[in-house]
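Below is one structure, written out as structure tokens; the observations come after it.
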Amino acid sequence: MPRTSTLDCPGCPPLRALTFDELGLIKVVEARGKQGRAEPKVVERWGDPDSSKCVLAASIDDRNSDPLLAVARRNGTVEVLNPLNGDLRFSVSNASINGVQSEDDPVAGLHLFAKKKSELASRSCTLLTCTTKGNASIRSFEVNKSAADVASTGSSRTWSVGGGGSILCSKVDGSENYFLSGGKRVEMNVWDLESCAKIWTAKPPPKNSLGIFTPTWFTSATFLSKDDHRKFVAGTNSHEVRLFDISAQRRPVISFDFRETAIKSVAEDLDGYTIYVGNGSGDLASFDIRTGKLLGCFLGKCSGSIRSIARHPEFPVIASCGLDSYLRLWNVKTRQLLSAVHLKQHLTNVLFDSNFADEEAEIAHSAADWPLHEDERDEGKTPPVKRKKSKEKKGIKKEAEAKSGNREDERDEPLHEDERDEGETPPVKRKKSKEKKGIKKEAEAKSGNKESSEEYGGKKVKSKKSSKRLKM
Amino acid sequence: MGGNDKRKRSESEGGDEQPIEKKREILPSMIKNKEKRSAIHAKLKQQKKLEKRKKAKARDAAEKRALELGEELPAKKIPKTIENTREFDETVCKPDDEELFAGNDADEFSSILKRERTPKILITTCRFHSSRGPDLIKELLSVIPNAHYYKRGTYDLKKIVEFANKKDFTSIIVVHTNRREPDAFVIIGLPTGPTAHFKLSNLVLRKDIKNHGNPTSHEPELVLNNFTTRLGHRIGRSIQSLFPQEPNFPGRRVVTFHNQRDFIFFRHHRYIFEAKETKQTESKGKKTKDAKGESEPQGKVIARLQECGPRFTLKLLSLQHGTFDTKGGEYEWVHKPEMDTSRRRFFL
């Protein structure tokens with residue numbers, strides 16, 4: 001019997017995402033909800049549809065006070081907006097600096113610097129733009145009260161990054177001192193932004209056993225972690241993902257294939273070793289870059305090329321968007337589709353606004369935690385021993401609390417669903433199981449202590465426990 | 001021991017009546033004896049038939065009574081079909097969607113559909129083709145005005161795209177044959193337009209159609225049916241951009257692309273309006289009525305169709321962003337097997 005209804009999506013935690021499309025529209029998608037199971041909706045739309053204003057690149061600086069959003073459009077302008085209400089702060093033309101027709105030389109990469117240069121005033125912003133033909137420039141702008149007034153301060157630097165090819169991807173690392181660029185017929189280059197000098201160039205892999213050389217064509221790149229500028233991942237047109245390590249060698253350290261179409265976007269996780277790869281036919285997967293092994297694919301009837309992937313800074317959620325005009329939100333842990341929003345146009349970029357609805361999020365934390373979020377917290381920050389303690393306590397308390405719908409159970413709901421189920425079985429049986437659990441817990445606490453020094457101790461213990469619980 | 005068995009058997013025989021009754025209630029397919037099974041099955045079928053007839057009779061009677069009494073007829077029941085129980089799709093185009101029209105204005109076909117460019121089509125084939133392939137191309141040339149056939153030779157499709165761009169073609173059609181039978185159809189929009197890749201099946205050529213007509217060289221009218229979603233809309237526009245936007249109505253030629261359950265049916269007809277005279281002769285007795293109706297046009301005008309040209313079915317396999325590029329291409333839509341989890345899900 002075929003399934004006749006669509007899969008219901010469980011909804012996502014409160015978040016705010018900005019999407020950019022080929023008609024130059026910026027759409028704000030928000031998910032609000034007490035329980036963290038909100039259905040995301042389009043709440044705002046900025047701009048008028050105009051194909052010449054197609055958004056090519058976007059960058060956000062989402063600090064707490066006075067956040068900024070930079071958007072590069074096809075007609076050669078770079079607009080700086082307020083990401084909260086969409087007010088245009090100022091817009092500058094890219095063509096005037098380079099003296100080239102902007103239509104022929106569209107922007108390939110854009111970065112809005114979050115860090116303030118100390119000598120500059122507080123109300124200024126620094127933009128790095130990189131065009132397809134390889135003209136990179138860093139410009140600072142003074143933002144005055146009146147939106148129209150823009151004064152370009154002295155520190156404007158321009159240099160060339162493309163050696164005859166076309167730049168397709170560029171990225172600035174977390175410390176904002178290094179700049180990465182690459183593209184069609186251009187190897188990956190790392191630049192020092194202080195001196196605008198090339199500090200490293202990649203070397204193409206050798207010819208294969210048949211003597212065939214695959215031409216250089218990088219389509220996407222990202223740094224692996226925020227603190228480390230030495231490791232980065234690049235996706236190529238020949239459906240290969242390559243890991244480069246500046247400190248090790250010029251050739252890729254690891255390179256592996258992913259499906260049959262060109263890699264179109266690569267994004268890193270917060271943990272520094274998981275990467276998300278999206279390709280031209282709408283396949284999205286996560287890889288462990290240390291081993292190059294596929295962790296799993298994100299399945300959800302997605303069939304349009306994935307142009308952009310964004311990782312939420314707090315929740316274990318990624319957003320992907322592309323030519324199928326859907327914004328899709330995925331759970332990183334279970335790789336389940338949380339929700340999809342149809343945005344009607346071919347999308348080019350997606351960004352998260354991390355400062356969204358702090359107060360709501362806090363409420364959500366204190367009342368009933370979003371399960372995924374808690375999962376992450378448990379695995380990452382708190383040592384496994386601590387969690388067991390609380391459970392032991394619960395074991396003692398349980399009899400007292402069993403009648404009054406106890407709070408602790410509510411909080412730990414998602415993790416201990418099976419325990420709740422036990423509540424329905426006759427009480428004698430439950431006692432037994434509890435005793436058993438107590439014994440096991442002690443044993444596990446020891447092993448947990450041992451293993452906690454290891455990297456993945458927590459995970460292992462957890463999986464063991466769950467299996468035991470199932471047996472009971 | 002044997003006595004025990006006998007007793008058991010007799011017990012089971014004694015208690016047989018109840019299980020048989022149960023069995024009859026369950027399913028005839030569970031009966032192993034073929035004759036019995038078929039007999040019971042036939043009986044059940046007969047029963048169902050009678051019930052159905054009864055229902056229909058009751059319905060007809062109710063209708064008749066309503067007619068006599070001048071009441072409102074009972075509402076006609078709409079049969080459930082796969083199409084009208086189709087899965088909800090939020091991408092279905094709505095007529096009040098301003099973003100849709102803005103998107104239409106900005107897309108690759110708008111210059112052709114706004115009549116700024118006249119469509120000029122290049123038709124070519126796969127590398128080796130024979131038999132029904134050339135026949136289909138001959139007929140396509142007669143269907144699509146301003147279409148030009150170029151031999152494929154050994155050129156890459158990318159080179160052909162370049163060539164066509166230079167010569168100001170607006171679209172390329174590639175007919176792909178496999179084992180002397182056309183089986184794929186590619187429509188490439190130029191210069192930047194999307195590439196739609198179709199599967200072609202059920203091809204019937206003109207000479208195999210009975211009483212077929214021969215098309216004239218007038219510009220045909222175009223009928224695009226049921227392209228509802230955003231994807232369907234886009235496919236519809238790409239097909240629309242193959243044909244001239246001003247049909248030559250005296251030619252009375254119609255080309256139809258009818259979408260049903262994601263299959264696009266291609267038909268090519270000539271039509272004619274004829275005043276039916278037979279009716280007038282019949283209605284001689286009702287001259288009074290005719291006298292009243294003389295102010296209206298006389299007789300009944302009917303349209304007669306004559307099929308001409310090929311007949312085939314297309315099914316979309318992928319829609320690629322940009323011109324033909326299998327290696328680095330980005331797809332707007334690809335058919336993936338995981339989409340086929342429901343019979344009621346359609347994409348066009």
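The values are calculated or read from the model by the stated rules, or taken from the named source; none is laboratory data. Fair warning: this is a prediction, and the values are worked out from it, not measured in the lab. Glycine gets a Cβ as well: all are built from the backbone with ideal geometry, and neighbour counts include every protein chain shown.
In this structure, is B:S131 within 30 Å of B:K151 (Cα to Cα) and within 14 Å of chain A (Cβ to nearest Cβ)?
no
Among the residues of the range A:333-348, the one identified as away from chain B (no Cβ under 14 Å) and buried (at least 24 other Cβ atoms within 10 Å of the Cβ) is A:L338. Apart from one condition, A:K301 fits all of (1) within 20 Å of A:L243 (Cα to Cα); (2) more than 16 Å from the chain's Cα centre (by Cα); the exception is (1). Of the residues making up the range A:213-234, at least one is surrounded by fewer than 15 Cβ atoms within 10 Å (Cβ to Cβ), in a loop (DSSP other than H, G, I, E, B) and within 14 Å of another protein chain (Cβ to nearest Cβ). Only a single criterion out of (1) under 21 Å from A:R16 (Cα atoms); (2) modelled with pLDDT of 90 or more is not satisfied by A:H373, namely (2). Before we move on, is A:E240 within 14 Å of chain B (Cβ to nearest Cβ) and acidic (D, E)? Judged against the criteria, A:E240 is a match. The set of residues in the range A:48-83 being within 25 Å of the chain's Cα centre (by Cα) and part of a loop (DSSP other than H, G, I, E, B) consists of A:C54, A:D62, A:R63, A:N64, A:S65, A:D66, A:P67, A:R74, A:N82, A:P83. Show the residue pairs that are 6+ apart or on different chains and have beta-carbon atoms under 7 Å apart, the first residue being within the range A:215-243 and more than 14 Å from A:V266 (Cα to Cα), the second being among the hydroxyl-bearing types (S, T, Y) and surrounded by 20 or more Cβ atoms within 10 Å (Cβ to Cβ). Going by the 7 Å Cβ cut-off, the qualifying pairs are A:W217/A:T236; A:H229/A:Y178.
The residues of the range A:264-289 that are polar (S, T, N, Q) and buried (at least 23 other Cβ atoms within 10 Å of the Cβ), listed by number, are A:S265, A:N279, A:S281. Against the conditions (1) farther than 18 Å from A:A310 by Cα; (2) modelled with pLDDT of 90 or more, A:H229 satisfies every one except (2).
Which residue is surrounded by the fewest Cβ atoms within 10 Å (Cβ to Cβ), if the candidates are limited to the range B:88-106 and must be within 19 Å of A:Y326 (Cβ to Cβ) and more than 8 Å from every other protein chain (Cβ to nearest Cβ)? So, considering only residues that are within 19 Å of A:Y326 (Cβ to Cβ) and more than 8 Å from every other protein chain (Cβ to nearest Cβ), the one surrounded by the fewest Cβ atoms within 10 Å (Cβ to Cβ) is B:K94. Scanning the range B:74-87 for residues being surrounded by 10 or more Cβ atoms within 10 Å (Cβ to Cβ) and of a type outside the set (V, I, T) gives a total of 4. When the range A:301-328 is examined, which residues are found to be surrounded by fewer than 21 Cβ atoms within 10 Å (Cβ to Cβ) and within 14 Å of another protein chain (Cβ to nearest Cβ)? Within the range A:301-328, just A:K301 meets the criteria.
Give me a count of the residues in the range B:326-348 that are at the interface with chain A (Cβ under 9 Å from one of its Cβ atoms), touching a residue at least 40 places away in the same chain (Cβ under 8 Å) and either farther than 24 Å from A:T219 by Cα or part of a loop (DSSP other than H, G, I, E, B) (or both). Total satisfying the criteria: 6. When A:L299 is tested against (1) at pLDDT 90 or above; (2) closer than 25 Å to B:S318 by Cα, only condition (1) is not met.
Given the criteria more than 26 Å from the chain's Cα centre (by Cα), over 29 Å from B:F346 (Cβ atoms) and β-branched (V, I, T), does B:T118 qualify?
Here the answer is yes, as B:T118 does meet what is asked.
Among residues that are within 14 Å of chain B (Cβ to nearest Cβ), touching a residue at least 40 places away in the same chain (Cβ under 8 Å) and within 27 Å of A:I199 (Cβ to Cβ), A:S255 is not included.
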